[in-house]
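Working notes, beginning with the structure itself.
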Amino acid sequence: MLVLITYDVNTETAAGRKRLRKVSKLCVDYGQRVQNSVFECKLDAAQYAAIKHRLEGLIDPATDSLRFYNLGDRYHTRIEHVGAHPRYDTEGILMV
């Protein structure tokens, strides 16, 4: 399934900036950054549960937020892109 993960981490403090780096790094391990705080992640149910649990443990729920949008397996018709950066192929090879 394709899951869109978005986050907003308060970076007014050093601790907030550290949380932001950790959240971003974890998301990079599971998916592709499509905007600053937005990741497209191709996950199975176990991976989804794992990343959700790990992200919830990283943020401060009093000042930060996470959103998970489950686009399912038929996401191809649910995504439209306009602008400078073309959509990447989630089924293709990801070179790191």
- Chain lengthening between Ala50 and Ala62 when straightened (0.36 nm per residue, less Cα-Cα): 2.1 nm
- Cβ-based exposure ranking for Ser65, Ser24, in which fewest neighbours within 10 Å come first: Ser65, Ser24
- Query: About the Cα centre of region 2-68, what is the dipole size in debye to 20, counting +1 per Lys and Arg Cβ and -1 per Asp and Glu Cβ, all else neutral?
  - Reply: 220
- Message: Restricting to Cα atoms and excluding each atom paired with itself, what does the Kirkwood estimate give for region 1-76 in Å?
- Response: 12.5
- Query: Hey, with R₀ at 30 Å, roughly what FRET efficiency would Ala14 and Asn36 work out to, going by the Cβ-Cβ distance, to 0.05?
  - Reply: 0.90
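All of the numbers you see were taken from the coordinates with simple rules; none came from a lab. No experiment lies behind these values; they were computed from the predicted model shown. Neighbour counts run over all protein chains shown; Cβ positions are idealised from the backbone, glycine included.
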